[in-house]
Amino acid sequence: MSVINHTRLALGVAAILAAHAIAPVASAQQSSTADPAESNATNLDAVQVTGSRVRGRTAEDTAAPVDIIGKEELNATGALEVGQILQTLEPSFNFSRTFVSDGSDILRPATLRALGPDQVLVLVNGQRRHQQALVNVQQTIGRGSAGTDINAIPLSAIERIEVLRDGAAAQYGSDAIAGVINIILKRQTDHTDVSLMGGQTYAGDGEIVHGSVNTGWDLGKGFVNLSAEYRDRGETNRAGPDSLRVNPPRVTQRLGDSDATDAYLWLNSAVPLGAGELYAFGGLSQREGNSSGFFRGPDDNRTVPELYPDGFLPTILTTVDDASLAIGYKAPLGSSGWDMDVSVNHGRSEFGFSEGNSANVSWWYEPIDPTDPAAGIYGESPTTADTGTLRFDQTTFNLDFTGSVEGINDHLLYLATGVEWRQDNYEIEAGDFVSYSYGRGNDRDIVITGQTGAVAQPGMQGFPGFSPDEAVDEGRHSMAVYFDAETNLTERFLLGGAVRFEDYSDFGNTTIGKLSARFDASDAFAVRGTVSTGFRAPGVQQLFYSQRSTNLNAEGVLTDTLTARQDSDVTRAFGIQPLKEETSTSGTLGFVYTPNERFSLTMDVFRIDIDDRIIFSSNIQPEAVGTDGQPCAADNGNCPISAILDPIGVGQVLFFTNAIDTRTTGVDFVANHNTAFDGGATLDLTALVHFNKTEVLERRSQSPILSPEQLFDDPQVTLIEQGQPRAHHVLQAVYETGAWQWTARGNYFGSVSGEGFTPGIKQTWGGKALFDLGVRYAVSDSLKLSVGGNNIFDEYPDKWDPVTGAPFPQMGFKYGWETMPFGMNGGSWYVRMDYRF
């Protein structure tokens, strides 16, 4: 959809809303009782469900599909990370289990409705959550994106999670193309909860020790709620023997969950002040990860035999520090029925890299005197180094007003308006000199050769450090104004709309809109639907990120790789234009059927079209043969890619660009049935069915050098179209009788495909069903004991084809790599104790 059509829809929404906003202000006490939310219009504590700014409206009443997952359901999964829990309970959510992917091993990509991690907006208590500093640059789901670190929020602090499966950029701003995840923090003050848990995989690794405490204090009409949590997770390793690089064959890789320790301290609070309340929430989290890169064989030019005679596996050590604090004041504006909310929200994500069990080969083999070979080499290199730090900071100021005026037929017209100002900053701090340098002088005119006679690679092996050339400290600011309205035109017809204008300091402005409607044909059956335009501004991470690292090329050979910053000398040499925003058009249409209090069924179909989607390019490699048909040489003007890459000493280059249009369609079914038996036992049954399909409609290239198929090749198309399951279904049964609670759950993950490591040969891993079982026994009102298993039948992904997948199965990659929706740990068990006092 063009910008003109986007603006027309937005202005049309504004005109419809303005036509109903001319009546005088009315208080909630004067309103009709026809609207379900009217009695709560001035109650600051009334529940507000994501997707509607009307307080008191329930998820069953909204025009858009909203899933609400309560704390009891969250705690009954046997999982401890928020991302893994949502993967278990919310079929439209995907939490890909990556490995050998640098920082993505500890910050895994989280997606909604098969789009990207940065196309879902995460809120905490209804306010925007900052994104992560890490950019997913490896061949994983979310490649080229910097999403939100959803695991930085401890489970012990969460009251419920609301998932809006609808485009909502016009309501909440950039990033809400796929939908919104709103995490609501606990407010309880009348008890203290202590939880202890331990477990491991059936294979005997992945040991978990976990403890948390949540408590609160009543401050009259205010409260303070605190959560502290600690977790130690051991690594898992499902690598097979490496028969290609060592003899005799042995396991050389670490393939599975990284070793990690996590610590959290979170706050949620509010105190009365005047007619309203002063509130504050946020927290600190720190995680330390230990994962690995690719094994370097004993004969590899990147190996120093004197240090590692049998080859070596570089260790990537990561530290993730996350901090956030929101402070605000909300109060009713007299007796008008209007409320005001003013807040400042600051968040910071810091991701530190260091390298261990490694070496800078160029330092080791650097000649003491380049003019005198007899002088020998230095023969020294550190084996550890700090390789750099990424930082993302975001400060958001919001001023919001919500209220109502008289609408049509004595129904209130609920209105919301406000302004938002946001500052985003991104910083890359260089690592130690040895982590990135070519020899001690970083002078590429000096010839340094490794053990095979080839030119020695610069920097520490595994994850070379960020150099001062990549270091950056830049930012941008934006301003937004929105107008939101919702009303019942009749007793059974709900109409809502939103319009939003945003202006960015770096690429201009945009206006978007949304219309939503719901018709209750009867007390049991309703039809609902939405249509909206949206956008996503390029993240400052995408604007300013660059890196030089060692990755596999198309032949499976480790190659010096440059991630070039957008609008840099390299991208300009290729003819790539600066990044601009993505634009989208989306819609949902469905029904709600609730024939009685025990059964409900919803169905929603959706479609999301995204134009100018920001992608991470393919690995662009120098030509083997020039346009004249001759082999490329240093002075061959018919090899334009070589002419750009050879002077900077890299074997392949990647960059961000607006290059594709995509369409995602799908359908969600949600069914619930509750039964109460004689004697007090209950059985709750839930079925959630999700299908999706993403298509790349068009590939484009701004470059006169690169064709669309070179810029974004077929393996990258496969990653977007088939890298995430097109089907994910959940069946759950919870049976309670007396002191016992039994939870049984099945998750079906559809097949996934990838060819990022075998270009031209698509690897497909078939769909799998995983089953979980948990039993909880209430010893007393205060003490509950649980035991359970996840993936109790020990299901694994299909193995990689040893022929078409070569050479990776021969190197120990048994179960695939780039698309792993449920991981490859197999079954696991846990025991848990919950104590309340």
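The values are calculated or read from the model by the stated rules, or taken from the named source; none is laboratory data. Note that the structure is predicted; figures quoted are calculated from it, not measured. So basically every Cβ, Gly included, is an ideal-geometry build from the backbone, and we count neighbours across all protein chains shown. The area values use the complete protein model at the heavy-atom level, side chains included, leaving out ligands, DNA and RNA. Shrake-Rupley method; radii C 1.70, N 1.55, O 1.52, S 1.80 Å.
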For this session: Could you work out the mean projected area of the convex hull around the alpha carbons of segment 320-386, in square nanometres to one decimal?
Result: 8.0
Exercise. Per residue, how many Å² of accessible area does the chain show with a 1.4 Å probe?
Worked result: 37
Problem set entry | 25 °C / 0.890 mPa s Stokes-Einstein diffusion coefficient of segment 518-646, Kirkwood radius on C-alpha pairs, µm²/s | 125
Exercise. Quick one: with all protein chains in place, what share of the accessible area of segment 259-330 is carbon or sulfur, to the nearest percent (1.4 Å probe)?
Worked result: 60
For this session: Report P(r) for segment 466-586: all Cα-Cα distances, bin width 10 Å, range 0 to the bin holding the largest distance, values in whole percent.
Result: 10, 26, 22, 17, 13, 9, 2
For this session: On each of the three principal axes of the Cα atoms of segment 292-347, give max minus min coordinate, whole Å, ordered largest first.
Result: 80, 14, 12
For this session: Can you tell me the relative contact order of segment 219-373? Whole percent, Cα pairs under 8 Å, sequence separation 6 or more.
Result: 18
For this session: Tabulate in residue order the Karplus-calculated ³J(HN,Hα) for segment 319-328, using 6.51 cos²θ - 1.76 cosθ + 1.60 with θ = phi - 60°, rounded to whole Hz; enter x for Gly and Pro.
Result: 10, 10, 10, 10, 9, 8, 8, 10, 10, x
Exercise. For the chain, what relative contact order do you get, as a whole percent, if you take Cα pairs closer than 8 Å and at least 6 residues apart?
Worked result: 12
Seminar exercise, completed: Rg from C-alpha atoms of segment 286-425, normalised by the globular rule of thumb 2.2 N^0.38 Å, equals 2.03
Seminar exercise, completed: Fraction of alpha-carbon pairs in the chain farther than 39 Å apart, rounded to whole percent, equals 40
Exercise. At q = 0.11, 0.15 Å⁻¹, what is the log10 ratio I(q)/I(0) for segment 369-500, with the Debye formula run over Cα points and no solvent?
Worked result: -0.64, -0.85
For this session: Post the alpha-carbon centroid distance, segment 116-159 to segment 626-656, in whole angstrom.
Result: 37
Exercise. Using the membrane-span-like helix rule (whole DSSP H runs, Cα extent along the own axis of at least 20 Å, mean Kyte-Doolittle hydropathy at least 0.5), which helices of the chain qualify?
Worked result: 3-20
For this session: Could you work out how far the C-alpha centroid of segment 355-391 sits from that of segment 271-289, in angstrom?
Result: 47
Exercise. Can you give me the relative contact order of segment 741-837 as a percent, contacts being Cα pairs under 8 Å and 6 or more apart?
Worked result: 29
For this session: Send over the per residue convex hull volume for segment 769-819, Cα only, as a whole number of Å³.
Result: 118
Problem set entry | Amide H contacts under 5 Å for ILE377, placed H, 5+ residues apart | ILE368
Problem set entry | Radius 9 Å from Cβ of PHE397, net charge of other residues (Lys, Arg +1; Asp, Glu -1) | 0
Exercise. In the P(r) worked out for segment 216-293, what percent of Cα pairs fall beyond 21 Å?
Worked result: 57
Problem set entry | Calculated on alpha-carbon atoms, Rg and Dmax of segment 747-837 in Å | 18.8, 61
Exercise. What lysines sit close enough to LYS221 to cross-link, taking a C-alpha to C-alpha distance under 22 Å and skipping anything fewer than 8 places away on the same chain?
Worked result: LYS186, LYS330
Problem set entry | Dmax and Rg, reported as Rg then Dmax, of segment 575-655 (C-alpha, Å) | 25.2, 79
Seminar exercise, completed: Expressed in angstrom, Rg and Dmax over the Cα atoms of segment 111-232 are 17.4, 53
Exercise. Residues with beta-carbon under 11 Å from that of ASP684, excluding ASP684: net charge, scoring Lys, Arg +1 and Asp, Glu -1?
Worked result: -2
Exercise. P(r) of segment 353-429 in 10 Å steps, Cα pairs, percent per bin?
Worked result: 14, 17, 15, 13, 11, 10, 8, 7, 4, 1
Seminar exercise, completed: One would report the Cα pair-distance distribution of segment 246-355, bin width 5 Å, in %, as 2, 10, 13, 12, 10, 9, 8, 7, 6, 6, 5, 4, 4, 3, 2, 1, 0
For this session: Please compute the net charge surrounding PRO154, taking Lys and Arg as +1 and Asp and Glu as -1 over other residues with Cβ under 10 Å from its Cβ.
Result: -2
For this session: Using only Cα positions of segment 655-732, each an equal point scatterer, no hydration layer, compute I(q)/I(0) via Debye at q = 0.12, 0.17, 0.25, 0.28 Å⁻¹ and quote the log10 values to two decimals.
Result: -0.54, -0.76, -1.11, -1.24
For this session: Would you please name the trypsin sites (Lys or Arg not before Pro) within segment 757-792 that are DSSP coil residues with at most 15 other C-beta atoms within 10 Å of their C-beta?
Result: LYS762
For this session: Would you please report the Å³ per residue occupied by the convex hull of the alpha carbon atoms in segment 618-680?
Result: 223
Seminar exercise, completed: A correct Stokes-Einstein calculation for segment 715-782, using the alpha-carbon Kirkwood radius, 25 °C and 0.890 mPa s, returns a whole-number D in µm² s⁻¹ of 167
For this session: Determine the equivalent ellipsoid of segment 54-164 by diagonalising the alpha-carbon gyration tensor, then write out the semi-axes as square roots of 5 times the eigenvalues, largest first, rounded to whole Å.
Result: 25, 16, 13
For this session: May I ask you to compute the full-extension gain from PHE433 to TRP217, defined as 0.36 nm times their residue separation minus their alpha-carbon distance, rounded to one decimal in nm?
Result: 72.7 nm
Problem set entry | Sparse-neighbour loop sites [chymotrypsin sites (Phe, Trp or Tyr not before Pro); segment 580-683; at most 13 other C-beta within 10 Å; DSSP] | PHE677
Problem set entry | segment 763-815: chymotrypsin sites (Phe, Trp or Tyr not before Pro) in DSSP loop, at most 14 other beta carbons within 10 Å | PHE793
Exercise. Can you give the convex hull volume per residue for the Cα atoms of segment 650-779, as a whole number of Å³?
Worked result: 154
Problem set entry | CD proxy at 222 nm, helix term only [per DSSP H run n ≥ 4: -39500 (n - 2.57); per residue of the chain; nearest 500] | -2000 deg cm²/dmol
Seminar exercise, completed: Note: segment 148-206, point scatterers on Cα, Debye, no solvent; log10 I/I(0) at q = 0.18, 0.23 Å⁻¹ equals -0.83, -0.99
